[in-house]
Amino acid sequence: MRPTLPIDTTLLKPGLRLAVGLSGGADSVALLRALVERQSELGLVLHSAHLHHGLRGPEADADLDFARALAAQLSLPFHEARVDTVAHAAAHSQSIEEAARHLRYAWFRQLLASGEVDAVATAHTRDDQAETVLAKLLRGAWTEGLSGIHPVVEFPEGRILRPLLAAARAEIEAYLTALAQPWREDSSNRHVTFTRNRIRHELLPLLEGWNPQLREHLAHMAALAREEEAWWQAELARVAPQLLLPGRPIRGGGRAAGIDPAQSLSIDVTRFTALPPALQRRLLRYAAMQLGASPDFPSTEAIRALALTGRAGQRRELAESLRAERTPRELRLSVGPDPAAHSQPVLEYKVTVPGEVLAPAFGLHLRIDVVPTPPMPSIQPPAPAQAASLRNWRPGDRVRLRYSSGPRKVKEVLERLKVTGTSRTLWPVLEIANRIVWMRGVELEPEPGLRITSAAIDASITEVASPRTSGGE
């Protein structure tokens, strides 16, 4: 008996014009074949869609040819497009993974906006779900993060559907083998420089030695977190309007007009104190998110402590320009530029790559070496004699921590390290081609083709390269 795939048909309505995102890999090929088999039964109008990311050279060209040929074999309309992922990543300070995902979903939305299809289906599986939940757990995600990959994502242009989330990768390969249906293998999936690949090839197999059912359990955790998060959002929508107050109180009652609620919100501490701790945390994060901030657990606890036990006049400066101030009756949250940022001095040493620099202002001897790397078409090695800048950090700087999914503000990293005073102002970073590739005391995502070493020096040593200085920005 031929294997079948567990497809969530509740997502698929008769008459739905559905484009299947077809990369050429096993998951997307299996989803397309399974939907074609049930197309008449489900009443679907199927299309296929392939995005060439401009990575992996001839290998990616062959993926496109494969997807186009499979669509023709199945008599399906075929949509294709090309993007430059490397250029997009550089322009937006994103990793290759992040840029590829951003461009992929932007194209899906364009396809939906064209009116040719009503929805796009992606072939995320239970294995993908487990990897996503584990990655977010490692980053310290809240419940919304642990909800992982959602079966449906709503955009103004239409919906993204994930009908294959219950299927395991082993089931998918067995299904394709039974059909004698080939698929394409993406060589970049083997590169453990990418966080998801390290989780897939190293961490998950190690943890499955402790619990062979781990992937299934992580998928269950995602389902539980998703439903609990939906309940919390409904509860916050009910409670928040009763407790969040725009502007400042005025004599005789009422609130001051003319204050932008997107810049400042207040909470009555008497009513806040009566809430359970879980609702207190949720309410604080909800309020911060209305202001465009997303505080982590330590920051949320710092704000909560200020509300519960703080004295009038106490303040806290937090990441993402979020500030909390205690008054006799309220906790006020606000966002805006940090006034101290304009007085921050600027020190800068220039150095070529490869090369080295002695920087007494930072007490550092820094060396940059160019080292050979395995060929990866998606990543360009540093050019010889490229200019680098060793400087103190500036407001707005971002870095990519190792094993982190996205960039972090340097200000936030220093807050976590509890760096204050002059040390904080003069904390050094190394910038190459508008990207920070090294930061003192912090393990950043490795920069392919570079080895950066540093050693402390006595600040009294004569300078080899003098810094350029200015009074501020």
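Normalise the Debye intensity by I(0) for segment 1-100, one equal point scatterer per Cα, no solvent, then take log10 at q = 0.13, 0.18, 0.23 Å⁻¹ and round to two decimals.
Here the Debye-derived log intensity ratios amount to -0.55, -0.89, -1.15.
Dimensions of the chain along principal axes (Cα, Å, largest first)?
Projected onto its principal axes, the Cα set of the chain covers 74, 66, 47 Å.
Fewest to most neighbouring Cβ within 10 Å: what's the order for Trp210, Trp427?
Details: Trp210 7, Trp427 21.
Fewest to most other Cβ atoms nearby, the residues stand as Trp210, Trp427.
For segment 202-244 and segment 1-61, what is the centre-to-centre distance using only Cα atoms, to the nearest Å?
Between the Cα centres of segment 202-244 and segment 1-61 lies a distance of 27 Å.
Tilt of helix 214-243 relative to the longest C-alpha principal axis of the chain, in degrees (0 to 90, nearest 10)?
Around 50 degrees separate the two axes.
Stokes-Einstein diffusion coefficient for segment 9-227 at 37 °C in a medium of 0.692 mPa s, Rh from the Kirkwood formula over Cα pairs: what value in µm²/s?
Working: Rh = 18.2 Å.
Calculated translational D: 180 µm²/s.
Hey, what did the chain get for relative contact order, percent, Cα under 8 Å, at least 6 apart?
On the way: 780 pairs, mean separation 58.0, N = 473.
Normalised by residue count, the contact order of the chain is 12 percent.
Among Trp183, Leu11, Val29, pick out the residue whose Cα is farthest towards the positive end of the charge dipole of segment 9-227, where Lys and Arg carry +1 and Asp and Glu carry -1 on C-beta, about the Cα centre.
So the residue furthest toward the plus end is Leu11.
In degrees between 0 and 90, to the nearest 10, how far off the longest principal axis of the chain does helix 169-179 point, with axes built from Cα atoms?
For helix 169-179, the angle is close to 20 degrees.
Set the Förster radius R0 to 30 Å, insert the Cβ-Cβ distance between Leu137 and Arg398 as r into 1/(1 + (r/R0)^6), and round the FRET efficiency to 0.05. Walk me through the intermediate numbers first.
Values: r = 23 Å, r/R0 = 0.76.
Computed FRET efficiency for Leu137 and Arg398: 0.85.
Viscosity 0.890 mPa s, temperature 25 °C: give me the Stokes-Einstein translational D for segment 123-194 in µm²/s, with Rh taken as the Kirkwood radius over C-alpha pairs. Show your work: numbers first, answer last.
On the way: Rh = 14.4 Å.
After rounding, the answer is 171 µm²/s.
Return Glu59, Glu325 ranked ascending by Cβ neighbour count within 10 Å, so the fewest neighbours appear first. If you can, show how the numbers build up before the last one.
On the way: Glu59 14, Glu325 18.
Listing Glu59, Glu325 from fewest to most nearby Cβ atoms yields Glu59, Glu325.
On C-alpha positions alone, give me the angle between the axis of helix 96-113 and the longest principal axis of the chain, in degrees, nearest 10.
60
Which of Trp438, Trp183 has the fewest other C-beta atoms within 10 Å, and how do the rest follow up to the most? Please report the intermediate quantities before stating the final value.
Values: Trp438 21, Trp183 18.
Listed from fewest to most nearby Cβ atoms, that is Trp183, Trp438.
Rule-based calculations on the coordinates, nothing more; no lab input. Only a predicted model underlies this, so the values are computations on that prediction, with no experimental measurement involved. Cβ: placed from backbone, ideal geometry, glycine included. Neighbour counts: every protein chain shown.
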